[in-house]
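Structure first, then comments.
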């Protein structure tokens, strides 16, 4: 099933509406739009990734790769969550992974431990400081993964 970004966004917003009170909906949609805008601003590194399964999923992948960089899903009863995927999590050193988990835990009520998927709820990302910290984290990971082996990305 080939979908456009606009279709994916519409399905995601519709899924949020099923579980979210009216006053929270615009704030959660703003989180999604910020993630999309951040990704769209990096067309040389990221492109929209049509969902292959669940309809209420929006995600982006690295240009030239089949691996998702991030995705957002709405799960009934659990709400919308951002997940950082694939090569990023697998390629991190223990210290880097601990740093990512620390950043996500610093801004979320749900505590991740070693071995957990790298996820954070949209509720946490409504906070501007949390959103900025997670987007900064994603920027570091994206640049790190895009750099040639042995390049210094600091």
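Things worth noting here:
- Length added when fully stretched, residue 98-residue 136, from 0.36 nm per residue minus Cα-Cα: 12.1 nm
- Here is the tail figure for the stretch 5-146: Cα pairs spaced more than 18 Å apart come to 53 percent of all pairs.
- One Cα centroid belongs to the stretch 111-138, the other to the stretch 1-73; the line between them spans 16 Å.
- Residues 126, 66, 81 arranged by fewest to most Cβ contacts within 10 Å: 66, 126, 81
- Of all the options 123, 79, 64, the one that moves most in a Gaussian network model of the chain with Cα springs shorter than 10 angstrom is 64.
No lab work stands behind these numbers, since they all come straight from the coordinates. What you are looking at is a predicted structure, and each value in this text was computed from that prediction instead of being measured. A quick note on method: Cβ atoms are made from the backbone with ideal geometry, for glycine too, and the neighbour counts reach across all protein chains shown.
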